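Before any comments, here is the structure.
The values are calculated or read from the model by the stated rules, or taken from the named source; none is laboratory data. Small disclaimer: the values here were computed from a predicted structure and weren't measured. Please note: Cβ atoms are built from the backbone with ideal geometry, for glycine as well, and neighbour counts cover all protein chains shown. Quick note on the areas: whole protein, heavy atoms, side chains included, nothing else; ligands and nucleic acids left out. Shrake-Rupley method; radii C 1.70, N 1.55, O 1.52, S 1.80 Å.
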Amino acid sequence: MNFVPILIFLGAAAAVVFAALLTNRLLAPHKPNPAKLTTYECGEEPVGSPWIRFNTRFYVIALIFIVFDVEVLFLFPWAVNLKQMGMFAWVEMAVFIAILSIGLAYVWAKRDLEWIKPKPGWVKSKD
Amino acid sequence: MLETIIILIKVWAVLIALVSGAAIMTWVERKESAVMQDRLGANRADILGFRVIGLFQPLADGLKMFFKEDFIPDRADKFLHTLAPILAFFPALVTFAVIPFGDVLKIGDLVIPLQIAKLNIGYLYLLAFGGLAVYGTVLAGYSSNNKYSLLGGLRAAAQMISYEVCLGLTLIGLIMVYSTLQLDKIVQQQGELLFGFLPVWGIFLQPLGFLLFFPAAIAETKRVPFDLPEGESEIIGYYTEYSGMRFGLFYFAEFVEIIVLAALVSTLFFGGYQVPYLYADGFSFPWGGHWVLPNLIIVLLQLASFGLKIAFFCWLQVLIRWTLPRFRYDQLMRLCWVGILPLAILNILLTGLILLLIKP
């Protein structure tokens, strides 16, 4: 029963979105021309396509994101029940978090959290 | 049947409040920035010569969105280009479903909880739909086939997933204290008193949690100082190629997010709809004295209290947006992963320890 209002709300919100787009489509003029439809780059002719292979700087971030997001998922039920479970549960979670923190420290030391990553190597290169 | 009608009325009221609130926020943002920069700000829109300090401006803006041509650039991906603004706006709207805006309204024998849905996984629902917003931004950046948009989308991807982790972790401490994910239960517990006089608001129990949660949440809304995906003054960002109502949806989503964030912060940390010393039957002061009030007055007081708190945090966010300069990207990442995140973990462990040590 709790999810019925949610479903109604989702439907109503979707209706708002589509009504806005539909009204716009009905009311607005539609006169495309080639100049209007070009990619906007401040008046310059666009050179090449942006759909090339690009350097995803933070793919390592995406990996640790998954690790930590799963950690958060484990933390929620633990947090709700901690008061009943007592000290043993706390110690267990502390160990779990410590292990993940080592991973974070490793990524930090490898400098994957910086926009300009120095050449591959451990912490500091000699030159 | 009656129940369904009540739900429909609540849904309608909340949606109207959110959308018109967002419209008013566009005016607040322009006016507040104008005051801060010693300008007049928006004051030209008028109806029959009445200008009312520019309050008709959002109306004019909204109407303009409907009448502007909405075109898709030739080289863009047509499907994803249309889908992106919907994915940006829709989650912002639906997150409000679990936020309680009052206790219960009694009409005769009818007891109406003033919340769309009492979900026992309330905060998880919020996180889940909040997480969807990243798709809107990244898809807009990618599908536009524009280099500036792509840059915006790339920046948004790393920023939003990073701060999403913080958004979860910073609140674990609060959830430990109240032992529930259900937002209305959290608010109910905040109506009690600490030491006999201080309301048990989240801010008093989790000050560090609040200090960490608020910046992380602002980063999720992509506003200054975290506006790198947009970067108005440098790359324009992921919605460079948008026009008409589809641009309007992105624009509006930002303001809906401000309101939802303000509501969330006041719900979790500032007692939500609670008024200090106001209980289900009236005021009851710690220094003695009891003042019985009818249910309707109490509900109105609660709504007013919630509205004022939301207004305050909306104002605060606009103030922050017009005060601080933009972060550099590496600073942004460092703040999240080696600033907020370790402190949040520390907060969790400390809170747990304290909770277990003072347990009766």
Of B:143-150, B:247-254, B:302-309, B:193-200, ordering from highest average Cβ density within 10 Å down gives B:143-150, B:247-254, B:302-309, B:193-200
Charge context of residue B:42, other residues only, Cβ under 14 angstrom, K/R +1, D/E -1: +2
Hey, what's the stretch B:72-358 come to in accessible area per residue, 1.4 Å probe, Å²? 35
In Hz, Karplus ³J(HN,Hα) per residue of the stretch B:57-62 (6.51, -1.76, 1.60; θ = phi - 60°; x = Gly, Pro): 4, x, 4, 4, 4, x
Relative to the longest principal Cα axis of chain B, at what angle does helix B:78-94 sit, 0 to 90 degrees, rounded to 10? 20
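What does the charge add up to near residue B:182, with Lys and Arg as +1, Asp and Glu as -1, over the other residues with Cβ less than 15 Å from its Cβ?
Working: positive: B:118, B:185; negative: B:103, B:184.
Around residue B:182, the surrounding residues sum to 0.
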Which whole number gives the average count of other chain Cβ atoms within 10 Å of the Cβ atoms across peptide B:86-97? 4
Residue A:70 paired with residue B:132, simple spin-label distance in nm, labels 7 Å along Cα-to-beta-carbon: 2.5
Counting just the Cα atoms, what span does the stretch B:72-358 cover along each of its three principal axes? Round to the nearest Å and put the largest first. 70, 46, 33
Amide H neighbours of residue B:282 under 5 Å, counting only residues 5+ apart in sequence or on other chains, H built in-plane at 1.01 Å? B:293
Using alpha carbon centroids, what distance separates the stretch B:243-274 and the stretch A:58-74, in Å? 26
About the Cα centre, and with charges only on the beta carbon of Lys, Arg (+1) and Asp, Glu (-1), how big is the dipole of the protein assembly as shown? Nearest 20 debye, please. 600
With a 1.4 Å probe, what is the total accessible area buried between chains A and B, in Å² rounded to the nearest 100? 6700
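The stretch A:1-86: which GluC sites (Glu not before Pro) are DSSP loop and have at most 12 other beta-carbon atoms within 10 angstrom? Walk me through the numbers on the way to the answer.
Details: sites: A:41, A:44, A:71; in loops: A:41, A:44.
Sites meeting the loop and neighbour criteria: A:44.
Which percent of the accessible area of the stretch B:92-152 is formed by carbon and sulfur heavy atoms (probe 1.4 angstrom)? Before the final figure, lay out each step's value.
Working: 1410 of 2030 Å².
The value for the stretch B:92-152 is 70 percent carbon and sulfur by accessible area.
Would you please calculate the Kirkwood hydrodynamic radius of the protein assembly as shown over all C-alpha pairs and express it in Å, rounded to one decimal? Don't skip to the end; give the middle numbers.
Working: mean 1/r = 0.0411 Å⁻¹.
When all Cα pairs of the protein assembly as shown are included, the Kirkwood radius is 24.4 Å.
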Averaged over A:83-92, number of beta-carbon atoms from partner chains that fall within 10 Å: 3
From the phi of every residue in the stretch B:230-238, what ³J(HN,Hα) in whole Hz does the Karplus formula 6.51 cos²θ - 1.76 cosθ + 1.60 yield, where θ is phi - 60° and glycine or proline is x? 8, x, 2, 8, 10, 10, 6, x, 5
Interchain or long-range residues, amide H under 5 Å from residue B:105's placed H: B:112, B:114
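For the stretch A:56-109, report the % of Cα-Cα distances exceeding 18 Å.
Details: 585 of 1431 pairs.
Tail of P(r) above 18 Å: 41 percent of Cα pairs.
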Highest GNM mean-square fluctuation among B:343, B:48, B:332, for chain B with Cα springs under 10 Å, belongs to B:48
Just how large is the dipole of chain A about the Cα centre, in debye to the nearest 20, putting +1 at every Lys and Arg Cβ and -1 at every Asp and Glu Cβ? 200
In Å², and per residue, what accessible area does the stretch A:56-109 have when probed at 1.4 Å with the other protein chains present? 55
For chain B, what's the relative contact order in percent, using C-alpha pairs closer than 8 Å and at least 6 residues apart? 22
Of the residues B:160, B:36, B:333, which exhibits the maximal mean-square fluctuation in a Gaussian network model of chain B defined by a 10 Å Cα contact cut-off? B:36
Listing of the stretch B:156-180 residues, each with accessible area lower by at least 40 Å² in the full protein assembly than in the chain alone (probe 1.4 Å): B:161, B:165, B:169, B:172, B:176, B:179
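Could you give the Stokes-Einstein D for the stretch B:51-114 in µm² per second, using the C-alpha Kirkwood radius, 4 °C, 1.567 mPa s?
Details: Rh = 16.4 Å.
Diffusion coefficient, whole number: 79 µm²/s.
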I want to check the label-to-label distance for residue B:75 and residue B:112. Put each point 7 Å from Cα in the C-beta direction and report it in nm to one decimal. 5.4
Read phi for every residue in the stretch B:221-226 and hand back ³J(HN,Hα) as whole Hz from Karplus 6.51 cos²θ - 1.76 cosθ + 1.60, θ = phi - 60°, with x for Gly and Pro. 7, 6, 10, 3, x, 10
Taking the Cα centre of chain B as origin and charging only Cβ (+1 Lys, Arg; -1 Asp, Glu), how large is the dipole, in debye to the nearest 20? 300
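Of the listed pairs B:64/B:106; A:31/B:147; A:31/B:10, which have alpha-carbon separations greater than 32 Å here?
Numbers: B:64/B:106 42 Å; A:31/B:147 25 Å; A:31/B:10 41 Å.
Those over the limit are B:64/B:106; A:31/B:10.
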Take every residue in peptide B:109-116, count the Cβ atoms of other chains within 10 Å of its Cβ, and give the average of those counts. 1
